[in-house]
1. Testing the spin-label approximation: label points 7 Å from Cα along Cα→Cβ at Lys30 and Met1. State their distance in nm.
2. Between Arg16 and Ser122, take the C-beta separation as r, use R0 = 30 Å, and let me know the FRET efficiency to the nearest 0.05.
3. I want to check the label-to-label distance for Ala9 and Gln102. Put each point 7 Å from Cα in the C-beta direction and report it in nm to one decimal.
4. Would you calculate the separation in nanometres between label points at Trp79 and Ser94, each defined as 7 Å from the Cα along the Cα-to-beta-carbon direction?
Amino acid sequence: MSDYSRFLALLANGGRWDNVWLLSGDTVKKMTSNQLTGGQLPLRFDDSWTWHGMGYGLGVGVQVDHAPDAGWPAGTFGWMGSSGVWAWTFAKESVSIIAMPQAMVYWEPGDIFQRLVYEEVSR
């Protein structure tokens, strides 16, 4: 968790970590900007689940449009993994959230945690 936290902080800081430039600003911008076009949007994982307003950068999901049902604004980036793991950065608020509930094929705990924290920091 600490490694991924540092990775998200690196991206949120435009490529800089501990006063050292590890990635160029242009690289970070490409990584955290949507790279999908046309029929590739919105991001779909299968025929039954569509991630509304979500595109994909170079390595992370990127919220392209505000998604009221998801609870996060455009510009948010991160990803979710198996067993309910969520890792997202709210760039405007300079806040990253990582949840690792370890609940196989059950994403709701991380989703709920993310929404609660975002509601608090965006007040």
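Since every read-out is calculated from the coordinates, none of them should be taken as a lab result. What you are looking at is a predicted structure, and each value in this text was computed from that prediction instead of being measured. Here the Cβ positions follow ideal geometry from the backbone for every residue, glycine too, while neighbour counts run over all protein chains shown.
1. 3.3 nm
2. 0.80
3. My value for the distance between the label points is 2.4 nm.
4. 2.6 nm
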